[in-house]
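For reference, the structure is listed below as structure tokens.
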């Protein structure tokens, strides 16, 4: 039992670290002001409610956000399941909270939204 709990803790830590790296890369590529500090992310969770329509709506909202570069196109997940983390970080003088969505293999950011 202890071995299983230890393995779960290590796996959880690894996925959280991977998700944080994806968020860092995404922000570095897509923020106008790339001054990012104090990035923290929640544990990775999953959802089956993020449809292509919802992703398109998030893309439209992000287009109006002056912090992000223009013409960012979100991806869709090939499966219904998506993974996500909630992130908090400092950009310039502002503390921001956003949710980042990933494909089910945790290889790429497919969408994000302000919280």
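The values are calculated or read from the model by the stated rules, or taken from the named source; none is laboratory data. Predicted, not measured: the structure shown is a model, and the values here were computed from it. A quick note on method: Cβ atoms are made from the backbone with ideal geometry, for glycine too, and the neighbour counts reach across all protein chains shown.
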*asked:* Out of the residues in the range 82-114 meeting the condition of being assigned to a loop (DSSP other than H, G, I, E, B) and surrounded by fewer than 12 Cβ atoms within 10 Å (Cβ to Cβ), tell me which one is nearest to the chain's Cα centre (by Cα).
replied: 107
*Give the range 17-45 a look and list any residue that's free of Cβ contacts under 8 Å to residues at least 60 places away in the same chain, surrounded by 15 or more Cβ atoms within 10 Å (Cβ to Cβ) and in a helix (DSSP H, G or I), or say none.*
24, 30
*Can you work out which of the residues in the range 55-75 that are free of Cβ contacts under 8 Å to residues at least 12 places away in the same chain and assigned to a helix (DSSP H, G or I) is farthest from residue 29 (Cα to Cα)?*
57
*Read through the list (1) modelled with pLDDT under 95; (2) exposed (fewer than 13 other Cβ atoms within 10 Å of the Cβ), then give the number of the only condition that residue 62 fails.*
(2)
*Just name the residue that is surrounded by the fewest Cβ atoms within 10 Å (Cβ to Cβ) out of those in the range 66-81 that are closer than 22 Å to residue 32 by Cα and in contact with a strand residue (DSSP E or B) (Cβ under 8 Å, 6 or more places away or on another chain).*
69
